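Chemist: Have a look at this one.
The values are calculated or read from the model by the stated rules, or taken from the named source; none is laboratory data. Just so it is clear, the structure is predicted and the values come from calculations on it, not from any experiment. Every residue, glycine as well, gets a Cβ built from its backbone with ideal geometry; the counts of neighbours run over all protein chains shown.
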Amino acid sequence: MRAIKILSAVGLTVAAMFALGPEAAERRLPEPVMEPPEASGGVLVVDLVDGSTPADLESIGALIETDLEWVHPLAEDEALASGEVASYAAAMAALAGHPLVEVVESEVMLEALGYPNDPMFERQWNMQAIGAPAAWSGSARGAGVVVAVVDTGVTRVEDLEGTSLLEGASFVPGVTSAADDQGHGTHVAGTIAQTTNNGLGVTGVAPDATILPVKVLSAQGFGSSAWIAAGIDYAVDEGASVINLSLGGGYSAVIHTAIKKARAQGVVVVAAAGNSGRRGVGYPGALEETIGVSAIGPDGSLAPYSSYGKGVDIAAPGGDKRRPNGGILQNTVDGRGGHHYAEYQGTSMATPHVAGAAAVLLSEGIPSEAAERILLRTAEGAGWNEQYGNGTLNLASALGLTATQHNLYRFLLGGLFALLITQLADTRVGFRLTTSAVASSVAGGVFFLASAPLPESVLTQLLIHPLLEWPGVVIGPGWMHFPLWLSAALPVGIGFTLGAFGPTRALAAGLACGVAAHLFHGAATGTLEPWWLPTAMATSWLAVNGALAIVIGMGLAGAQHIEERGGE
Amino acid sequence: MTWTGVLQRVDVGPGAWRLVLGDGSTLGLYGAVPAELNEKRVVVRGQVLDGVGIGMVGGALVQVESVEAC
């Protein structure tokens, strides 16, 4: 009977915990520091001054004793080159202060910071502005999330070759294919999920997201309300979790109804504020059910063409072509049967940044309503105003808050598991409290110290991260996904060693409960992705190992009970 | 229907056309618009559309049938 009461209490508490909004503080993200990497040599990326000639390239290469080559033929205009060097430190020293050299960086260093090798990335000020590299450096890249681009269609141009792209459908009469006959839709799709880190072209916010092309706009860029509404309904039926609407006009009841239905299904609907340059947000961006997006330029101020006013929820980079490289650069069709890398500007371009960011959060296991709240709450700004809404999109901050929220849930879950099993085993209070403290710290890390003024060191990182994330800290990103690490192996090993002795048994029991909490949380949210295992098998793996870890914890608590009673 | 105003090419997305009417209100134009009439005073003949577009330059959307300088 007591066990049932405890289980009920735990169940209610966990349910309440998951219903909480994200209230936790933003986690600090490491500032990029440009220093020579630890590796002695490798691929060096050299950014020469624009207009540099092949002869310049050769002379620079001679200085560092390597054959420098343009990163990509299309990158020649940007004078971005790379070559293998024996020593990073020596090469960087040789080029320091050279008048033809703007930047020298190692490919390894850039990758570690989440910087991709796409040669035109340096022109994408917009990706830097929203903190997209913070997403790329981890696993938060939109995997498994379908984003519907309800637009002029999407064509698989060269820099969408590696992107997951569904067949989609057309709702424009007389047009059977969802391919793009205009250029707008492909550009928008590129901002969301351009193939990234492929050594080609440019990047997208959520490169692992799946794009669902929904053609509702003609080659002229216009679509009737009925086509749009049908396209939105289709996107929902096809499993889209995010719908991007880089379009607008007057109010339409049929479009509004379709969007309401999408929202009722938990779909995040993002829409452009409009390009009137005046007060007054267009529809559907002005609807309560959509995230209305205004546009900023490279300097962070509202772009001159952007509409503003009631209905703007957030601002995002839409470009300002009055400035050099001030537009949003993506790969799209050129209208002559080919493709090109084109700078566009508009709230149409701002909107997919938010859609991509939503996809990133959803891929981290955050429910849609919480994802929307996080995006708006972490936007940079001082309260709502009609130009920027809640502020400017910041994906890095949104991910920081997401990580904090996950850690909070795990922290509480680990402690609850420990309290439950030690209560059931009727151990002494000291054992219960120690086990719970260890379990919470193992499951969530001492995450609330992330904003404390601690020294920047590996030890600090280990302190604030959950135990199962330690390989990512010590070895490198991704290593925490080794399946044996995401299992009950460690609790079993510690259980039969430290758990055998009274003084260290609470540590072993707490570790088992903490690991169990993290594995269960990972199974429920999809935030743990053990290598080699398909999604369904990964969930089972995590759940079974979580259960095994709990059994280990129960066994240790039982052993403690016997020892305590035996000693009386 | 016909409208008289100043034709403007707006650099948003792949480009859009706007007609600025005498009272300062605007129309978003879709269809064939002669580029050489940019910034000229013109008469636009066309139909008001029920729908949305990529231009979003403000005001009602019009499917252009003809544009003539005046």
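Chemist: Write out, first by first residue and then by second, each pair whose Cβ atoms fall under 9 Å of each other, whose residues are 6+ apart or on separate chains, and whose first residue, in region A:284-313, is free of Cβ contacts under 8 Å to residues at least 12 places away in the same chain while the second is assigned to a loop (DSSP other than H, G, I, E, B).
Modeler: Between residues of region A:284-313 that are free of Cβ contacts under 8 Å to residues at least 12 places away in the same chain and residues that are assigned to a loop (DSSP other than H, G, I, E, B), the close pairs are A:E288/A:G311; A:S301/A:D320; A:S301/A:Q387.
Chemist: To continue, here is another question. Could you tell me which numbered condition B:V62 fails, if it satisfies all but one of (1) assigned to a loop (DSSP other than H, G, I, E, B); (2) buried (at least 19 other Cβ atoms within 10 Å of the Cβ); (3) not hydroxyl-bearing (S, T, Y)?
Modeler: Tallying (1) assigned to a loop (DSSP other than H, G, I, E, B); (2) buried (at least 19 other Cβ atoms within 10 Å of the Cβ); (3) not hydroxyl-bearing (S, T, Y), B:V62 fails exactly one: (1).
Chemist: Quick test of your reading of the structure: A:T347 fulfils all but one of (1) buried (at least 19 other Cβ atoms within 10 Å of the Cβ); (2) in contact with a Pro (Cβ under 9 Å, 6 or more places away or on another chain); (3) polar (S, T, N, Q). Name the failing condition by number.
Modeler: (2)
Chemist: Residues of region A:215-228 being more than 10 Å from chain B (Cβ to nearest Cβ) and under 15 Å from A:I243 (Cα atoms), which ones?
Modeler: Within region A:215-228, A:K215 is the sole residue that qualifies.
Chemist: Going by the conditions given, is A:V269 away from chain B (no Cβ under 12 Å) and free of Cβ contacts under 8 Å to residues at least 60 places away in the same chain? It would help to see each step written out before you state the result.
Modeler: Details: away from chain B (no Cβ under 12 Å): yes; free of Cβ contacts under 8 Å to residues at least 60 places away in the same chain: yes.
In short, yes.
Chemist: Tell me which of these A:F431 doesn't satisfy, since it passes every other one: (1) assigned to a helix (DSSP H, G or I); (2) in the same structural domain as A:M480 (by TED's automatic domain parsing); (3) under 22 Å from the mean Cα position of the chain (by Cα); (4) in contact (Cβ under 8 Å) with a residue 24 or more places away in the chain.
Modeler: (3)
Chemist: Over 28 Å from A:S368 (Cα atoms), within 25 Å of the chain's Cα centre (by Cα) and at the interface with another protein chain (Cβ under 9 Å from one of its Cβ atoms): does that describe A:T347? Full working, then the answer.
Modeler: Working: over 28 Å from A:S368 (Cα atoms): no; within 25 Å of the chain's Cα centre (by Cα): yes; at the interface with another protein chain (Cβ under 9 Å from one of its Cβ atoms): yes.
Taking the combined requirement at face value, the residue does not satisfy it.
Chemist: State the number of residues belonging to region A:192-214 that are of a type outside the set (A, V, I, L, M, F, W, C) and either touching a His at 6+ places or on another chain (Cβ under 6 Å) or part of a strand (DSSP E or B) (or both).
Modeler: Number of matching residues: 2.
Condition check ((1) in contact with a helix residue (DSSP H, G or I) (Cβ under 8 Å, 6 or more places away or on another chain); (2) at pLDDT 95 or above; (3) crowded, with 24+ Cβ neighbours inside 10 Å; (4) under 23 Å from A:E364 (Cα atoms)) across all residues:
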| residue | (1), (2), (3), (4) |
| --- | --- |
| A:R377 | yes, no, no, yes |
| A:Q387 | no, yes, no, no |
| A:L413 | yes, yes, yes, yes |
| A:T422 | yes, yes, yes, no |
| A:L433 | no, yes, no, no |
| A:A437 | yes, yes, no, no |
| A:S441 | yes, yes, no, yes |
| A:S457 | no, no, no, no |
| A:E469 | yes, no, no, yes |
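Chemist: Between a first residue in region A:538-551 that is of a type in the set (G, A, S) and a second residue that is surrounded by 19 or more Cβ atoms within 10 Å (Cβ to Cβ) and part of a helix (DSSP H, G or I), which pairs have beta carbons less than 6 Å apart while being 6 or more apart in sequence or on different chains?
Modeler: Listed pairs, sorted by first residue: A:A543/A:A523; A:G546/A:A516; A:G546/A:L519; A:G546/A:F520; A:A549/A:P491; A:A549/A:A512; A:A549/A:V515; A:A549/A:A516.
Chemist: Please go through region A:504-528 and pick out each residue that is in contact with a Ser or Thr (Cβ under 6 Å, 6 or more places away or on another chain) and either assigned to a loop (DSSP other than H, G, I, E, B) or farther than 23 Å from A:T427 by Cβ (or both). Even if it seems obvious, please write down each step before you answer.
Modeler: Kept after step one, since they are in contact with a Ser or Thr (Cβ under 6 Å, 6 or more places away or on another chain), are these residues of region A:504-528: A:506, A:509-510, A:523.
A:A523 - this is the single residue of region A:504-528 that is in contact with a Ser or Thr (Cβ under 6 Å, 6 or more places away or on another chain) and either assigned to a loop (DSSP other than H, G, I, E, B) or farther than 23 Å from A:T427 by Cβ (or both).
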